[in-house]
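Enquirer: I have a structure I would like to understand better, so I am pasting it below and will then ask my questions one at a time.
The values are calculated or read from the model by the stated rules, or taken from the named source; none is laboratory data. Only a predicted model underlies this, so the values are computations on that prediction, with no experimental measurement involved. Ideal geometry is used to build each Cβ from the backbone, glycine not excepted, and the neighbour counts take in all protein chains shown. Only protein heavy atoms, including side chains, enter the accessible area calculation; ligands, DNA and RNA are left aside. Shrake-Rupley method; radii C 1.70, N 1.55, O 1.52, S 1.80 Å.
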Amino acid sequence: MKQHDPGEDLREAFLNPPASVKPRPLWFWNGTISNDESRRQISAAVEAGYAGFGIVASHDMDPAFMSPEYLDRYTTAVAAAAEHGATVCLYDDFWFPTGSASGEIAREHPHALSKRLDLHATDVSGETRYSKLVPPGKLMSAVAMNLATLERRDLRSAINDGWLRWLVPEGRWRIMFFCCTTDGAKGLIDYLDPDAVDTFLSCTYDRYFEALKEHFGSTIDMAFHDETTFHWVEGGRAWTPSFNECFAQQHGFDPAMLYPALWFDIGDETTRARNLLFAYRATLFAESFVAKLQAWCTSHGITLTGHVDQEEIENPVGLCGDLMRYFEHQDIPAFDQIFFYGRSHQAAKVVSSAATNYNRALVMCECYGVQEQLTDVDLYREAIDLFVRGANVLIPHALWYTPATKDFPPDLSPHDPYYGPHIADYNAWVARTQLLLQRGRPVVDVGVLYPIHTLQAAYRFGAGGDPYEGGLTEASGTDYLALVDTLVSGVRRDFSFLHPDVLNSRCAVDARGTGDTRNENPPLLRLNNDDQRQAYRAFI
């Protein structure tokens, strides 16, 4: 009896890729949505090799987002996808960034809006009596710092009935109030507050589930959050009123006396203070927002993906806190590659390394959007570079329900006169490549420390830079992103960034080595994950 050859299964899957490895584009609903036209476009997309889609509500869409009519059209589209064996990715808000529920948070739940940290500072000379009404917002800290010696004094005990009254000692002192107040830019939630995230989930995710529960875990198999960031908050100073209490539970002490380091040099303790405060802000983002979404998705039988805004910026502290740590609790770490060729190639290695660090097999890239001169050859060129840097799930941006009024190119629809003839071949090639990449794991022998401690120490509020560009004018003191190009494009060696927390908790030196002929027993640094395990002969 002939023994079964498992290679036959792979060869058959390669020739006829299953739907699970085919691309699923974002499908932008613009114009007036009709059920019949949705069914027609879904049928054409599946015939052209797309495995499904994610519906993105656009600005000129009729009906309105989350209205009964919208959910009716959405239900019809999901049912049509089910008829064709396609799957739907639940895009979780109106347009982007995720977190406004199309304005409902601002209208109905203003308590859940984003908060910021404000500094109110006055320089005074002693000896003198100083009095000032405490500024509005929740007082997080009140500190006086001697500008010559950098001595700091806690002033909170000198506050009574909303007034600070303090006898200023001899010398030049900076008196500082740090207050957390509502910002609410773009109507976004407070990503650092789990209760605010619950409010957002009730306005979007819960309503989708109520209307479409029979499709969850089958046709609807994934949710997608988009472009989350701190930079919309004034100065990138996203904060939350419960920060001090939560920090104290985590670290065992009140952080109030560290607050001046968020803006100023406080001497030898500056680096430690910034690392503690900014690292904990990143922790809150990952645990209050991403982990909350992940828990909801897990309990409803679907996976979670999505990405932050501006992931290509060298210092992520003012944008998402920590680009690797952000994905600790997410099924599929992700990034986007839009606007122009190569924009996110360096950041791609950070995100794909996050997947390795946190033992995730898949890495998603949202690609091709907002590119005027994208040729059919560029589709392959871009995809190859993304695959090389660790992506193994491509979500093309975009299909347009009404191409004539699309917000930005391209339209990778099968009915597009330029791209249409190439889409089926492209989808088959991407599916075959993803099939192979998703069945393996990265095998590298070079590790690089992700320098988040250096980045946190270099960042401060009020540094003068554009928050959209990271909020800094000075260099961060590291060239770790340039190292991506040196290794991947220069010497052509793959590698993984290691987060320092993962280096401490999941790595160990193996002195036995592998018996390399150049060194009989070279020591190895091993990343001891169940699936995404690696062993490094060189560590930078």
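Enquirer: Please state the shape class of the chain: rounded when a/c is under 1.5, otherwise prolate if a/b exceeds b/c and oblate if not, all from the C-alpha gyration tensor.
Expert: Oblate, because a/c is 1.5 or more while a/b does not exceed b/c.
Enquirer: Let me make sure I get this right: for region 415-527, a, b and c are the square roots of the gyration tensor eigenvalues over alpha carbons, sorted descending. Under 1.5 in a/c it's rounded, otherwise prolate if a/b > b/c, else oblate. Which is it?
Expert: Oblate, because a/c is 1.5 or more while a/b does not exceed b/c.
Enquirer: Where only protein heavy atoms count, and the probe is 1.4 Å, what is the accessible area per residue for region 206-320 in Å²?
Expert: 32 Å²
Enquirer: Still on this model: Which of rounded, prolate or oblate describes region 246-330 when judged by the alpha-carbon gyration tensor and an a/c cut-off of 1.5?
Expert: Because a/c hits 1.5 or more and a/b fails to exceed b/c, region 246-330 counts as oblate.
Enquirer: A further question follows. Taking only protein heavy atoms and a 1.4 Å probe, what accessible area per residue, in Å², does region 15-90 have with all protein chains in place?
Expert: Value returned for region 15-90: 36 Å² of accessible area per residue.
Enquirer: Please give the FRET efficiency for Val134 paired with Arg272, using the beta carbon to beta carbon distance and R0 = 30 Å, rounded to the nearest 0.05.
Expert: For R0 = 30 Å, the calculated efficiency reads 0.60.
Enquirer: First compute the accessible area of the chain with a 1.4 Å probe, then give the percent of it belonging to carbon and sulfur atoms.
Expert: Answer for the chain: carbon and sulfur cover 50 percent of the accessible area.
Enquirer: Please list, in order along region 398-411, the HN-Hα scalar couplings obtained from phi with the Karplus expression 6.51 cos²θ - 1.76 cosθ + 1.60 (θ = phi - 60°), rounded to whole Hz, x for Gly and Pro.
Expert: Per residue, the Karplus-derived 3J(HN,Hα) values read 4, 9, 10, 4, 10, x, 5, 10, 5, 6, 7, x, x, 10 Hz.
Enquirer: What percent does the relative contact order of region 402-540 come to when contacts are Cα pairs within less than 8 Å and at least six residues apart?
Expert: Relative contact order here is 24 percent.
Enquirer: Show me the GluC sites (Glu not before Pro) within region 237-292 that DSSP assigns to loop and that have at most 16 other Cβ atoms within 10 Å of their Cβ.
Expert: Within region 237-292, the qualifying GluC sites (Glu not before Pro) (loop, at most 16 other Cβ atoms within 10 Å) are Glu269.
Enquirer: Report the Cα centroid-to-centroid distance between region 377-396 and region 419-491 in angstrom, as an integer.
Expert: Between the Cα centre of region 377-396 and that of region 419-491, the gap is 13 Å.
Enquirer: Using only alpha carbon pairs under 8 Å that are at least six residues apart, calculate the relative contact order of region 158-280 and give it in whole percent.
Expert: Once normalised by length, the contact order is 21 percent.
Enquirer: Please state the relative contact order of the chain as a whole percent: Cα pairs under 8 Å, 6+ residues apart?
Expert: The value is 15 percent.
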